[in-house]
Each structure stands twice: as C-alpha cells, then as structure tokens.
C-alpha cells in the first residue's frame, strides 16, 4: 500500500495504540454511557468522565383507599414515590463520591414496574464526571446531556442540582346521572380539568420549593411527566423535574450562533416544531 | 456417482472446519473469504454508509473488508443448588435470616433468603464473547487492518437449544496505509462517523469491553411477608440483589477497561433484565457493552465547536 496523505492525529492515535504511550488519563479507568460527541465536548469544558454510577431501590407499592367520587391527592403514594426516588439518587450520589466524581450528567430517573407483585424499582443512572481543575463545591447532579452542559457552561452558568416534585392524584369518577345528562352535548369535564390543574400545580410548587434555598437562579429543561404506573386510569402521578442553575460569569455570555440554511430537504416536522417536540 | 462425491466432499469440509475451530483457527469458508479479500485487485466489502466512508477517510483511514466472529455455547445449569447450599454456590452471597427466628427449612413457611451471583452464567457469556472476539480479531489481523469499526454485537439464545447462547460480532475492518502492524487491531462498536470524531477529539478506540452481572434472588420469608404487606415498603433483599447485579455489570466492565490498558469506555449500552425462575426466585441480569478508549492527545479540537441555528 502506498503511504497515505499526512494526518498527524491518525498517526499519533495509532502510535498510542501500538505502544500505549500518549497523553493518557491520570484518574481512574472509567466507564460511561456518554456518546463520543459528549465525551469530546466535556473535555473542551474541562471535565473528564469518572464512571457510570447507579442507585436503586425496590418498593412494594401498597393500596391506598380512595373515595370513588372524590378528587384528592393520595398522600401516602406521593410520599413513597418521592422518597424512593430521593433514596435512589442518594445512593447514586454516594457511588459518585466513592469514585471521585464532582458531578453527574445525563442522569436518568426511571421507574420500572413489575405489575403482578405491585413492585416498583426506582433507578438513578448517570455518568460521574470530574473537573480537571480543582472543584470549589459539593457535587452537582444534572439530567442534561453533555452537549447541553457544554452550552450551559459556555453561556456562563453552572449546574447546581436536580429539583423535583411529585404528586399522585385520584381523579373522581363521574356519576351515571351526570353522564346521561351530558351525553348529547360537548361539555368541559370541569372536574377532570380541575383535578389535572390541582395535581400539576402541586408537583410544580414542590419542585420550586426544592430549588429555593440551594442558591439556584433558575431551572432549565424542566418537564412535567404524567404516568399511571400500576394504578389504572384514574390515579395519575405528576412529576415535575429539572436542573437548577446559577450564573457564575459576570453576566450571560453570548455565544453568537451562526445561522445556517441546510440545502437538503427538511426532515418531516422539523421546521418550527412545537415546543417539547422539536 | 457425482452426487455422492459432492456430498462426501461437503461432509469432509465440515469436519475440517470443526477441527479448525477446535484448534482455535477460522473455519474454511471464513479463511477462504479473507484470503480472497487480500488478493490484489479484489474489491473491499463494507456495511459503512456513504457518510461513514467519507468520515473514516477524513480520519485518515480506508476500509478493507467485512470481518466477523461467532460462537455458540451451552451454559451449564446452576439453578436448583441454591436452596441446598445456600450462598456457598457461585459468587459472594448475601443471607437474609428469618425475621421471626424460626428454622431454615426450604419447605416451611419460615426460611432464609439468599442472594447469590450466577458465576456459571457470567462465565458462559464471557466465554462465548472471548471466542467470537478472538475470531474477528484473527480475520482483521490477517487482512492487515488496524481496527474494526461499527461492530454490531448479537447476543441471543439459540432457538430450540436449552440454556445456550450465540455471540456474534460483525463489523468493517479499516486501515491506514503505511501505519504500524498491530497484533491486536482495535474493536469499536461506534460507527464510522463517531470513530472519526473520536480520533479528532484526541481518543483512540482499543477494544470492545463487556461486563456481566447475574444475581439470583431466592426470597426469604421476611421478603415474602413484605410483599404481602398493605403498606408502601422498601424490599431490602430485592433492592440489594438488583443493586449488586447493576454494580457488578459496571465494575466488570471497568475491570476489562483496565485489562486492555485503556483509560475508559464510552458509549456504554446498559441492558438490564429480570427473569422469574422457579419457586418465586428471580434472576437479575445486567450486561454492559462499550468501546474502551485511550487518550493520545490532550490538545483541544482543531477548531472550537461552532454553535449554529438551523433555519430549516
């Protein structure tokens, strides 16, 4: 084979592969679920991966008595759904500390239901990262991707932690006479509307309260998830969750994005996608 | 007759292939395909997309051919012993005594619970993986490749063969002409575009690494009582079992990273499953697969990434 065109990076990479010498990491040998894009961008903002970290707990979710025709919060379920997540996160955090992490990114918080036994597994999984310059404060958690973290830091912010609030709510069943009376009209089912409002507001208020007192100036990438898990259609959990951030630069740093107009056909539904879908 | 002769020749080839596999060599068909690819004037084969082809070219490499490694193993039975030997079979076990201070018997209402590691199962998966990787490595080395990108990993039970597992890896061998000859070409489950970004970002792939954690949970009476509870309670035995399987899957992967002298693993896929086995026991399985990488350069990217806003 004829020698290829000069390519210093490729040659240095193969040299490292053959001899094991190069600008090797000094820290622990890590695992990570970061994509290559994320790993490369993290390096650019002075972080390196430390390892996959996980925390979990399995709970038996008991039954709470509910009044068939009442809208009401199911407080004992709210408590267990919140406490179980908090415990999984705490376990993951201590795993991250053991391996010298200063933060956790790409945190995924899942609830896996084993229906027959009313078992719910709460899992927190993410990649612990360490700052290459000495860190100034306690470890932070975030469900942002590596790309988002890069943009956040370049814009002058630093992540502080995860804030979340939960609310499990029972939505009243309608009486038969109401249903018969309204069957031929379009009507607002105001008891449903009110119940959804009430539950969502409770979850969001709890999240806001959690962010207060942490020194956070805002919450980014917040979302409200709505799931019935193992309870059937009239009991719904609302989970409000987001990453709290603080401005560490003197002000918001402009990043001046370049406008580009791709010449290939737009992917279906990409242009001005509604928020939350784009 | 010609038909009989063909049949005999085919049977003969099959015997030779089996013998070659047992000697640690490639079966005849694979050996012949690789030899043909090496001949001057033969076209390279690859499952790279056009984008991947230009990306690996941008990183200074070119494709050489498709390479593959495969192995089917039977996994020795390990279940059924747990209630007899308790935590002593397999890896480290955890014991959950009867909270009511009654007996040990497995048939009574009161019994101990055990969590124990399914070491046979783990060794079976890794044995199949080792054989498959040794074969793909041999194919790649014989082609003169420095590595294989886009390695797809197929891990599945064989149809109609109890407790068996097929492990197959398949990808495109690539080389840099004039580059060093490597005894162990790298393996990466990242595609060609990701490979190019990795090289430009200062990392080089080293090997495909796999971590397996398998833990069986045999519930004790304390756990079963908690499962029948009307309250919302944490089930300690099941929590511990699942957490140890997850942690094992991660720790084993990191041990493999160390074994190939890499700095870390990226793009790790986490595959978690729980299976019900006999008598209310559960088998928890955590398999992690990633590409181990070394950092060869500390200097930043040639250009700072440019934020863009799409107008379409």
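We did not get these values from a lab; they are worked out from the coordinates using the rules stated. Quick caveat: nothing in here was measured; it's all calculated off a predicted structure. Note that we place each Cβ from the backbone using ideal geometry, even for glycine, and neighbour counts take in every protein chain shown.
The mean sequence separation of alpha-carbon pairs under 8 Å and at least six residues apart, normalised by the residue count of segment B:111-196, gives a relative contact order of 34 percent.
Over its Cα atoms, what ratio of radius of gyration to 2.2 N^0.38 Å does segment B:132-189 give? Here the answer is 1.34, to two decimals.
Would you please state the base-10 log of I(q)/I(0) at q = 0.07, 0.08, 0.12, 0.14 1/Å for chain B, with intensities from the Debye formula using one equal scatterer on every alpha carbon? Scattering profile of chain B, log10 relative to I(0): -0.40, -0.51, -0.91, -1.07.
Note on chain A: GNM, Cα springs under 10 Å; of A:71, A:186, A:264, the largest mean-square fluctuation is that of A:264.
Look at the alpha carbon pairs under 8 Å that are at least 6 residues apart: their mean separation over the length of chain A gives a relative contact order of 19 percent. Over segment B:99-211, the fraction of Cα-Cα pairs per 5 Å bin, rounded to whole percents and listed from the shortest bin up, is 2, 10, 16, 15, 13, 10, 8, 7, 5, 4, 4, 4, 2, 1, 0. Extents of the protein assembly as shown, largest first, come to 84, 69, 58 Å (Cα atoms, principal axes, whole angstrom).
By the Kirkwood approach, averaging reciprocal distances over each pair of separate Cα atoms, segment A:183-266 gets a hydrodynamic radius of 17.1 Å.
Over segment B:142-257, Cα pairs under 8 Å with separation of 6+ residues give a relative contact order of 24 percent. Counting Cβ atoms of other protein chains within 10 Å of each residue's Cβ and taking the mean over peptide B:238-249 gives 5. Packing-based ranking of A:239-245, B:67-73 yields A:239-245, B:67-73, ordered from highest to lowest mean Cβ neighbour count within 10 Å. Sorting A:61, B:18 by the number of Cβ atoms found within 10 Å of their own Cβ, with the fewest placed first, yields B:18, A:61.
Put in order of Cβ neighbour count within 10 Å, fewest first, the listed residues B:177, A:35 become B:177, A:35.
Once the gyration tensor of the Cα atoms in segment B:177-226 is diagonalised, the equivalent ellipsoid follows with semi-axes of 46, 14, 7 Å, ordered largest first. Kirkwood-type hydrodynamic radius, segment A:37-109: 15.2 Å, calculated from all non-identical alpha-carbon pairs. When the Cα atoms of segment B:181-312 are aligned to their principal axes, the ranges along those axes come out at 62, 48, 23 Å in descending order.
Take each residue of peptide B:296-305, count the partner chain Cβ atoms within 10 Å of its Cβ, and average: the result is 5.
Packing, taken as the mean count of other beta carbons within 10 Å per residue, orders the peptides A:140-149, A:197-206 from highest to lowest as A:140-149, A:197-206.
For chain A, the alpha-carbon radius of gyration amounts to 1.29 times the rule-of-thumb value 2.2 N^0.38 Å expected for a compact globular protein.
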